[in-house]
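K.L.:
Quick one: structure below, then a few questions.
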Amino acid sequence: MLNVAIIGAGAITRRGHLPALKTLPNVNVIAIADINEEIAKKVAKEFEIPHYYTNYKEMLSREKVDAVHICTPTPTHYEIAKYCIETGHHVLIEKPMCMRLREAIELKELAKENKVIVGIVYNYRYFPSVLRALLRVKKGYLGNIVSLNGTCFSHFPIAWTRSTWLYHED
C-alpha cells in the first residue's frame, strides 16, 4: 500500500487528483495540507481523508507518507518540492514544475541524491492530437525540431481558476 499526502486543497486537487487517487486500489490518501484550514477540513471530510493540516512540514513529520502530490500555486512548487525531496518523499508536482529552469535542475539533482522519484503532471500527453503529432515527429515528417509552442483552445482551466492558474510573480 502506498501512503499519499496532498499539499494544496484547491480545485485541481478536488477535481483531478483526489478522484483519480480514490480509484487506485493500492493507494491510501492519508493526509492533506492547505494553508486554509476550513478548506483542508472540508476536502478531508468530502474525500474521507483521515488527517488534515495547515502546515505541510508538520503533516510530513507526523504522518508516514511515501509520496506527495504538490497541488499549490506555481511559485510555491520549488520550495515545497525541495523540502519533500530532502525529507525522502517521492513527489508528483502540478505543472509547471517551477518558475525557473535552475530550480528544476536543482530539484532533479536533489532527487538523484536522495533516491526519490519526481514526476510532473502532463495531462495532455495521451490526447489523440498529441499522439498523432508525436508519431509525425518520430517518422521525421517535421524535420529537425528545435522549438515547439502549442495552443489549446478550451475553457479549461480558465472557467474555475478565474484565469489565475499560472500565478506568475515577476
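K.L.:
May I ask for the net charge around T54, where only other residues with Cβ less than 12 Å from the Cβ of T54 are counted and Lys, Arg are +1 while Asp, Glu are -1?
P.N.:
So the environment of T54 carries a net charge of -2.
K.L.:
Roughly speaking, what is the stretch gain from S129 to T87, that is 0.36 nm per residue apart minus the C-alpha to C-alpha distance, in nm to one decimal?
P.N.:
11.2 nm
K.L.:
With θ taken as phi - 60° and the coefficients 6.51, -1.76 and 1.60, list the Karplus ³J(HN,Hα) couplings across region 22-32 in order, rounded to whole Hz; mark glycine and proline as x.
P.N.:
Coupling constants for region 22-32: 5, 8, 8, x, 9, 10, 10, 7, 9, 7, 9 Hz.
K.L.:
Between the helical axis of 128-138 and the dominant principal axis of the chain, each derived from Cα atoms, what acute angle in degrees is found, rounded to the nearest 10?
P.N.:
Between the helix axis and the principal axis of the chain, the angle is about 50 degrees.
K.L.:
Still on this structure: Going through the cross-link list K82/K115; K41/K64; K45/K95; K41/K115, which pairs have a Cα-Cα distance over 22 Å in this structure?
P.N.:
Beyond 22 Å: K45/K95; K41/K115.
K.L.:
Spelling out what I want: for every residue of region 45-55, take phi, set θ = phi - 60°, compute 6.51 cos²θ - 1.76 cosθ + 1.60 (Karplus), and round to whole Hz; glycine and proline get x.
P.N.:
In residue order, the calculated couplings are 5, 4, 9, 6, 9, x, 9, 9, 9, 9, 10 Hz.
K.L.:
Relative contact order of the chain: what whole-number percent is it, with Cα pairs under 8 angstrom and at least 6 residues apart?
P.N.:
Reported relative contact order: 18 percent.
K.L.:
Between V29 and residues 5 or more places away or on another chain, which pairs have amide H atoms under 5 Å apart, with H built 1.01 Å from N, and which residues are they?
P.N.:
Excluding prolines and chain starts, which carry no amide H, the hits are V4.
K.L.:
For the chain, what ratio Rg/Rh do Cα atoms give with a Kirkwood hydrodynamic radius?
P.N.:
Radius of gyration relative to Kirkwood radius: 1.00.
K.L.:
Something else now. Any idea what angle helix 101-114 forms with the longest principal axis of the chain, computed on alpha-carbon atoms, 0 to 90 degrees, nearest 10?
P.N.:
60
K.L.:
Using DSSP to call loops (not H, G, I, E or B), can you name the trypsin sites (Lys or Arg not before Pro) in region 1-77 whose Cβ has at most 14 other Cβ atoms within 10 angstrom?
P.N.:
Passing sites in region 1-77 are K22, K64.
K.L.:
Next question, about the same structure. Once you put a point 7 Å from the Cα of N28 and another 7 Å from the Cα of T76, both along the Cβ direction, what distance in nm separates them?
P.N.:
With each label point 7 Å from Cα toward Cβ, the separation is 2.6 nm.
K.L.:
What are the extents of the Cα atoms of region 8-70 along their three principal axes, in Å, largest first?
P.N.:
Cα extents, longest axis first: 27, 24, 18 Å.
K.L.:
Can you list residues from other chains, or at least 5 along the same chain, whose modelled amide H is less than 5 Å from the amide H of Y53?
P.N.:
I32, A33, D34
K.L.:
Helix 77-86 against the longest principal axis of the chain: what's the angle in degrees, Cα atoms only, rounded to the nearest 10?
P.N.:
The two axes meet at around 60 degrees.
No lab work stands behind these numbers, since they all come straight from the coordinates. Small disclaimer: the values here were computed from a predicted structure and weren't measured. Don't worry about glycine lacking a Cβ; one is built from the backbone with ideal geometry, like all the others, and counts go over all protein chains shown.
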